[in-house]
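This report concerns only the one structure given below.
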Amino acid sequence: MTGSQYGAPRVVSSSGSSTGMARRVIDKDDPLDEKFVQDLLHDHPDLLPMVEIEPDYRPVISVCRELGTDAGFIDNLFVTPSGGIILAECKLMKNPQMRREVIAQTLDYTASLQRMGLQELEAAISKTTNGSITSLWSLVSKVTDLDENEFNDAVTRNLRRGRILGVIVGEGMREETERLVESLQLHAGLHTAIALVELSLWKLDDGSMVVMPRVPMKTNLIQRAVIDIRDGNIAVREPDRVANKSTSGSAVRGKSLTEAEFFERMEEQVPGLAAQVQQLAVELEDFGVTTEFAKTMILRWRPHPDMKPGSLGYIHSDGKFDMGDGWAYLHDHHNFNLPELAEQYLQGVSRILGGKVRRYQNDRATVNSSSGKTPNVSEIIVKKSDWFDLLVEIKTELEAEAGLAE
C-alpha cells in the first residue's frame, strides 16, 4: 500500500515507561463496520483534518447521518460557521466499493444536494433527525460571525454553485482510490472538491483504541479533485489557469474552495480586480511570496529557502491591502529583529504609494495611501515593478545579514 505505511506508535508515561500499540485493520471478519466510522465522525467531527484540506472550513459541525437524497443516503453531513457544506462517505478497506464507485457516488450526492436548495435540504435534515434539527442556522448561531440572513445566503450560494466538499473517509486507503483522485485532479474544474482522509486504528492493552486521521501521503501534493457541477449536471473540465513560471518550476496548482470563494467575493465587490490580483500572486512567486486564503488573502514571504516565512500583509476581498505585516516581519525580535531594515521597507512602500507612514501606540506601523486610508491593492499593482525592486533590495540585505549572499 504505497504511501500509506505507518510506524507503530507508543504511549510514553511521565516516568519514561512505554506501551506499544498494534494496528487494527478492519477486515471481513471484524465486527466493526462503516456505521462505526459514521458514528465516530458524527460524534467527533474534529477528526477531519481540515487544516490540511480546507483551512477556512473550520470548525466542522455535525448535522446528521444517513441523509436521504434522490441519489441515496449520505453517510455524514457537516456544516461550517461560514456556510460551507461538507459530506463524508465512509468506506472500509474490506469493502470492495472502496474503488471507483465511491468517487462517482460522492459526485452524485453533491449534485443531489445542489438540486435541493436550502429549504429542501433543511426539510430532509428535519426528516432524518425526526424533527430535532429544523435549520442549519440553529447549529451555528453561537459560533458564526454572520447573521442569520448572511449565513443562509452563503449556504444557498454554495448549494447553487455546487461548491461542496466531499470527503472520502476510509480505514486503510487503497492505492487505486488515491490514483483515481490524482487522475481527477489533472482534469479539474473549480467547484466541488474531493479529499481523502485515512483513519488508522491502534489497539491499547486495555482494549481501547487510538484513532489517527491523516491525508494519505500520495494526496499531500494533490489533496483534492475538483469537479464543476452546473444545474445538477456533473462536468469535468480544464481549470482556469494563469500563465506563470513559479520559483520551483512546478505546474500551476489548482484552486482550493476557499481561494475560489475569495476571488468570487472580490469579483462581486470590485469587478475586474480578481484577475489582476491573481496575476500579481503569480508574479510574486518569483520573489518567494506564496498565498494563503481564509477571510483574506495572506501573502507569505520567504526571502531565502533558509529563512522562515512571514507575512507581507493581507488583501481583503474589497481590495484593501494591509501592509503593516511586512514591517513587523523585519522588525520584531522573534523574526529578523532588524528595525532599521523594517523602516527602510516601510519608507520604500510609502514612497511607491505616495502615502504616509502611520504609527500606533502599541509599537506597530503601517503605510496609508495618499488619501490617509488603507491602500487598495490596485495602487500597488500599477506600481508593482517598483515594489518588486524594493523586495529584491530588502532580500539582498537580509541575505548579507545572514551570511547567505551568493
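The values are calculated or read from the model by the stated rules, or taken from the named source; none is laboratory data. These numbers were taken from a predicted model, which means no experiment stands behind them. Note that each Cβ is placed from the backbone with ideal geometry, even for glycine, and that neighbours are counted across all protein chains shown.
The residue that is surrounded by the fewest Cβ atoms within 10 Å (Cβ to Cβ), among those in region 272-321 that are under 21 Å from L257 (Cβ atoms) and touching a Pro at 6+ places or on another chain (Cβ under 9 Å), is A294. The C-beta contact set for region 119-136 (first residue in the same structural domain as R157 (by TED's automatic domain parsing), second residue among the aromatic types (F, W, Y), distance under 8 angstrom, 6+ apart or interchain) comprises L136/F151. In the condition set (1) crowded, with 23+ Cβ neighbours inside 10 Å; (2) closer than 20 Å to L257 by Cβ, V37 is compliant with all but (2). Checked against the criteria, G324 does not count as touching a residue at least 24 places away in the same chain (Cβ under 8 Å), closer than 29 Å to V270 by Cα, in contact with a helix residue (DSSP H, G or I) (Cβ under 8 Å, 6 or more places away or on another chain) and surrounded by 16 or more Cβ atoms within 10 Å (Cβ to Cβ). Among residues of region 199-212 that are assigned by TED's automatic domain parsing to the domain that holds V169, those with a Cβ under 9 angstrom from a residue that is polar (S, T, N, Q) and exposed (fewer than 13 other Cβ atoms within 10 Å of the Cβ), sequence gap 6+ or separate chain, pair up as L204/T19; D205/T19. Criterion applied to E283, E267 was being without any contact (Cβ under 8 Å) to a residue 12 or more places away in the chain, of a type outside the set (A, V, I, L, M) and out of contact with any Gly (no Cβ under 6 Å at 6 or more places or on another chain), and the one residue passing it is E267.
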